[in-house]
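Heads up: the structure comes next, in structure tokens.
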Amino acid sequence: MEQHVTLRHSITAAAVSATLLFSQSAFAHAEGHGQPAPTSTTSQAKQSDNAAAEALFEQFFMEDVMASPVFQTYLGIKKDQDKWDDLSDGYQQQQLERTKAQLSKLSNLDESALSGQTKLSYQLLKQQLEQDIADYKWRYHSYPVNQMYGYQSTTPSFLINQHQIESVDDATAYISRLEGIEKRFDQVISQLKTREQRGIIAPKFVFAYVLDDSRNIITGYPFEDSEQPSTLWQDFSDKVAKLELTQQAEQALLNDAQMALTGPVKRGYDKLIKESERLQSKASTDDGAWKFPDGDAFYNQALKNTTTTEMTADEIHKLGLSEVARIHDEMRAIMNQVGFKGDLQAFFEFMRTDKQFILPDTEAGKQQYLQLASDYIGNMNAQLDSVFGIKPQAGLEVKQVEAFREKSAGKAFYQRPAPDGSRPGFFYANLYQMADMPTYQLEALAFHEGIPGHHMQIAIAQELDSLPKFRRFGGYTAYIEGWGLYSEYLPKEMGFYQDPYSDFGRLAMELWRACRLVVDTGIHAKRWTREQAIDYLAKNTPNPEGDIVKAIERYIVMPSQATAYKVGMIKILELREQAKQQLGDQFELKGFHDTVLGNGPLPLNVLEQQVNNWVDSVRL
């Protein structure tokens with residue numbers, strides 16, 4: 001899973017459903033092959049039209065960026081680094097009007113005068129703007145505080161991981177953001193109340209995580225008389241210490257930060273805690289999106305947006321069941337290979353509980369896990385040239401999820417690098433309970449989150465300088481997560497997973513994504529309870545109970561997101577097989593991969609067009 005900010009939707013990331021990122025529609029084909037060569041005059045005219053369109057793409061992107069201090073920081077822009085994004089209803093209305101104005105300007109362009117990537121960019125942007133406008137009606141169908149991307153945890157995480165302090169100005173901007181947390185949370189609370197009036201309250205289980213995250217932030221010095229520093233105090237003081245200031249100047253900054261923490265930060269969290277406790281007392285155990293106003297319509301649209309297909313909930317559910325059965329058969333073959341006596345359920349229990357697969361729940365055990373992950377990525381890195389021509393320039397680091405959010409955060413996720421190279425990409429591993437992170441899954445997990453998975457795809461995308469920024473920094477969940485899951489499978493073909501238990505781990509992770517098709521549609525379309533979904537995963541996967549519970553709770557607060565993985569992977573494999581059949585001996589895996597990665601993220605049907613174009617070009 002990738003946790004990152006993408007343009008437009010990121011600006012109110014928790015105020016807009018994480019699933020309603022981008023959607024699919026029928027795109028006109030980009031200019032194909034075999035067209036008459038343009039005359040010199042025609043060519044110059046098209047270049048001029050393309051240049052005008054590209055300038056408009058850049059203008060729109062920067063309009064959105066400059067409206068979002070948070071996104072500016074992700075991009076390394078420091079203009080508004082002392083501010084937070086506006087989370088008010090009024091801002092959302094302004095955002096809608098800006099989007100409508102952009103669509104109007106875009107529509108004034110003559111699409112027939114555009115060519116190549118510019119024409120494709122026009123089609124993608126037009127569809128994105130239209131979808132943003134259509135999705136405005138769903139802006140309250142989400143949970144601003146939740147255990148996955150709630151403001152109570154993403155706010156401090158953003159300061160820690162994104163707000164760099166390289167000067168006194170950076171430090172004072174950090175303090176200003178601390179001072180702005182109370183207003184930020186006042187806006188969050190207003191959004192929570194608005195949703196409550198519409199009958200949208202997170203399920204009861206969510207609030208225990210939110211309260212735990214919130215209380216963790218205001219624990220330790222200077223919130224209480226303690227030798228243990230609070231999370232934000234530790235971060236700020238560590239960053240300021242590296243500035244090599246005079247003792248007087250450093251102390252002045254620390255004093256201001258202390259006042260901000262014990263003042264607006266403390267008040268903001270106290271208010272959020274009080275509101276979360278109130279909502280917790282009113283929350284129900286109904287979990288699915290069906291409980292929302294027009295919930296079925298919302299979920300159907302979410303599936304369409306997430307998968308960039310027309311697949312229905314029933315079709316996705318049935319696909320999941322068939323994939324689960326297929327993977328179970330492959331697992332039985334490994335069970336026989338290692339000489340295990342018993343049925344698949346017994347083998348699951350063995351894999352779930354045997355101590356050989358669990359590193360010690362100690363600091364040394366956690367460091368060993370992180371080192372193993374780095375080693376797997378390093379080994380893959382050494383072999384990339386055999387199957388990839390295009391590679392990322394940005395570095396990658398493996399990090400442990402911070403203590404303040406590890407209880408609620410997901411199992412593993414990726415965070416993109418800074419475009420200017422000042423920050424590498426991060427593969428985060430959640431080591432809160434080592435029993436939930438068995439070593440037999442580590443190889444596949446490292447490939448998915450790191451290389452050749454999310455880091456490879458996302459870092460390359462934002463380094464594609466020839467593409468407009470909205471494509472380099474945007475995303476389609478089925479493409480991104482489909483590539484991540486494909487990246488678990490590809491190393492098998494390259495000779496990795498030599499340990500049969502590690503290969504079982506690869507299958508276990510693919511099985512996990514197949515089960516997601518079943519439980520996501522089960523919860524949100526078929527009205528399964530949280531317990532029904534947990535029971536399905538417990539019976540059909542080898543994952544530990546803690547892993548299962550956390551996963552189901554994730555799917556509940558992010559309707560449809562979990563369906564992207566298998567749908568995207570299956571499409572990539574289908575396109576690869578079609579290209580092999582069409583090209584025969586001319587097929588080159590490196591060329592296929594470079595085509596998939598070299599256009600940035602795309603809806604699946606547009607990806608198919610690009611692969612078909614590549615096949616045609618190889619045939620020439």
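The values are calculated or read from the model by the stated rules, or taken from the named source; none is laboratory data. Model, not experiment: these values are computed from the prediction. As a convention, Cβ positions derive from the backbone with ideal geometry for all residues, glycine included, and neighbour counts pool all protein chains shown.
A few remarks follow.
- Contacts under 7 angstrom Cβ, first residue in the range 159-183 being aromatic (Phe, Trp, Tyr), partner part of a loop (DSSP other than H, G, I, E, B), 6 or more apart: Tyr174/His163; Tyr174/Ile165
- From Ile556, Ile523, residue being surrounded by 21 or more Cβ atoms within 10 Å (Cβ to Cβ), hydrophobic (A, V, I, L, M, F, W, C) and within 17 Å of the chain's Cα centre (by Cα): Ile556
- Scope the range 439-468; condition of a type in the set (D, E, K, R), surrounded by fewer than 22 Cβ atoms within 10 Å (Cβ to Cβ) and over 17 Å from Arg423 (Cβ atoms); matching residues: Asp465
- Criterion violated by Phe470 - all others in (1) within 28 Å of Leu359 (Cβ to Cβ); (2) touching a residue at least 60 places away in the same chain (Cβ under 8 Å) satisfied: (1)
- The condition (being over 25 Å from Leu75 (Cβ atoms) and either surrounded by fewer than 16 Cβ atoms within 10 Å (Cβ to Cβ) or modelled with pLDDT of 95 or more (or both)) is satisfied by just one residue among Ile175, Ile218: Ile218.
- When the range 603-620 is filtered for residues that are in contact (Cβ under 8 Å) with a residue 24 or more places away in the chain and farther than 22 Å from Leu384 by Cβ, the ones remaining, listed by number, are Pro603, Leu604, Asn605, Val606, Glu608, Gln609, Asn613, Val615, Asp616, Ser617, Arg619, Leu620.
- Within the range 542-618, helices (runs of 4 or more DSSP H) holding 2 or more residues that are at pLDDT below 95: 545-557
- Among (1) at pLDDT 95 or above; (2) of a type in the set (S, T, N, Q); (3) over 23 Å from Ala297 (Cβ atoms) - the single one Thr521 does not satisfy: (3)
- The lone exception for Gln152 - which of (1) over 18 Å from Ala260 (Cα atoms); (2) buried (at least 24 other Cβ atoms within 10 Å of the Cβ) it fails: (1)
- Looking at the range 279-391, the helices (runs of 4 or more DSSP H) lying wholly inside it that each contain 3 or more residues that are in contact with a strand residue (DSSP E or B) (Cβ under 9 Å, 6 or more places away or on another chain) and surrounded by 13 or more Cβ atoms within 10 Å (Cβ to Cβ) sit at 363-381.
- Lys590 vs. criteria surrounded by fewer than 22 Cβ atoms within 10 Å (Cβ to Cβ), more than 25 Å from the chain's Cα centre (by Cα) and either among the aliphatic types (A, V, I, L, M) or farther than 22 Å from Ile480 by Cα (or both): no
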